[in-house]
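Remarks on the structure that follows.
The values are calculated or read from the model by the stated rules, or taken from the named source; none is laboratory data. All figures in this text were calculated on a predicted structure; none of them were measured in a lab. We place every Cβ from the backbone using ideal geometry, glycine too, and count neighbours over all the protein chains shown.
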Amino acid sequence: MTLLIDAQQLSKTFVLHQQGGLELPVLTDVSLEVHAGECVALVGPSGAGKSTLLKALYANYLVQHGTLNILHKGRWVDMARAAPHEIVEVRRDTLGYVSQFLRVIPRVSALDIVAEPLVEQGEDRELARQKAGALLGRLNIAERLWSLPPATFSGGEQQRVNIARGLISPRPLLLLDEPTASLDAANRAVVIELMKEAKARGAALVGIFHDEATRDAIADRLFTVPLARRDEIKKELAA
Ligand SMILES: Nc1ncnc2c1ncn2[C@@H]1O[C@H](COP(=O)(O)OP(=O)(O)OP(=O)(O)O)[C@@H](O)[C@H]1O
């Protein structure tokens, strides 16, 4: 299967400015390769850096060392060094990110929030809205809510709008940060089904799934993010 993510020897240290510039190493020499059609679940102790790794892959966090290659339209783009316009392009066409929380856009309807990624890729707006409606329907968002901005939706409804927005475009790579965290069993099953469909069309998935049943249902393999040594830092903090 085609290699889609080739991340080598990533290191990331946070500098805690409010604590005298203390350095907190989180990722140390982490390498991860992901192929088309597979789902890799990030595991490891709390605070090991699972979310940090996902955010680094999405270029939300800058790594200090290592290469972070993403296969974008047949060429490798190193997200650690790419120019901002390249990152925007990779995110639009290749790399999706589903977080737990919806960033609500004031006055924009749920339908348009979900349709937007397709419109940005050049899809006809009406067709994009039809696809958005179909996906919101599958995710059990009542049709009366589609034309409303999701600011007043429940936490679970907002999460499902967010998932629909993240999964509507057939991007070849998906990063998922606890996509099923606050969903009931029925909606969790729908999300698992949608992720399986993405895998079946050849997408690669990298995710954090604290819920073991979801992880078992979707992950092909586990990738352990090791806890970096923090002994010295803890000592300094305690001093
Ligand atoms: N923006 C930041 N600034 C400073 N420190 C940060 C930042 N983001 C994360 N950290 C620290 O990096 C470490 C790893 O955090 P991260 O959220 O990646 O862990 P995680 O493995 O996803 O944890 P959990 O399973 O508890 O969600 C933690 O010690 C956290 O406090």
| request: For Pro117, work out the one condition from (1) under 16 Å from the mean Cα position of the chain (by Cα); (2) in a loop (DSSP other than H, G, I, E, B); (3) not aromatic (Phe, Trp, Tyr) it doesn't fulfil. | output: (2)
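Only residues that are charged (D, E, K, R), buried (at least 16 other Cβ atoms within 10 Å of the Cβ) and on the phi < 0 side of the Ramachandran plot: list them for segment 147-195, please. Even if it seems obvious, please write down each step before you answer.
Applying the first criterion (charged (D, E, K, R)) to segment 147-195 yields 157, 160, 165, 171, 177-178, 184, 188, 193.
Among the residues that remain, those that are also buried (at least 16 other Cβ atoms within 10 Å of the Cβ) are: 157, 160, 165, 171, 177-178, 188.
Those that are charged (D, E, K, R), buried (at least 16 other Cβ atoms within 10 Å of the Cβ) and on the phi < 0 side of the Ramachandran plot: Glu157, Arg160, Arg165, Arg171, Asp177, Arg188.
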| query | Identify, please: which residue in segment 33-51 is within 14 Å of the ligand (Cβ to nearest atom) and in a strand (DSSP E or B) and is, among those, surrounded by the fewest Cβ atoms within 10 Å (Cβ to Cβ)? | reply | Val43
| message | Name the residue that is nearest to Leu3 (Cα to Cα), counting only residues in segment 92-112 that are crowded, with 17+ Cβ neighbours inside 10 Å, at pLDDT below 95 and of a type in the set (Val, Ile, Thr). | response | Val98
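Taking the options Leu54, Leu71, Leu16, name whichever one is farther than 16 Å from Val225 by Cα, within 12 Å of the ligand (Cβ to nearest atom) and not acidic (Asp, Glu). Please lay out each step first, then the result.
Details: Leu54 fails: farther than 16 Å from Val225 by Cα; Leu71 fails: within 12 Å of the ligand (Cβ to nearest atom).
The conditions single out Leu16.
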| request: Could you list, in sequence order, all residues of segment 57-68 that are touching a residue at least 60 places away in the same chain (Cβ under 8 Å) and within 14 Å of the ligand (Cβ to nearest atom)? | output: Leu57, Tyr58
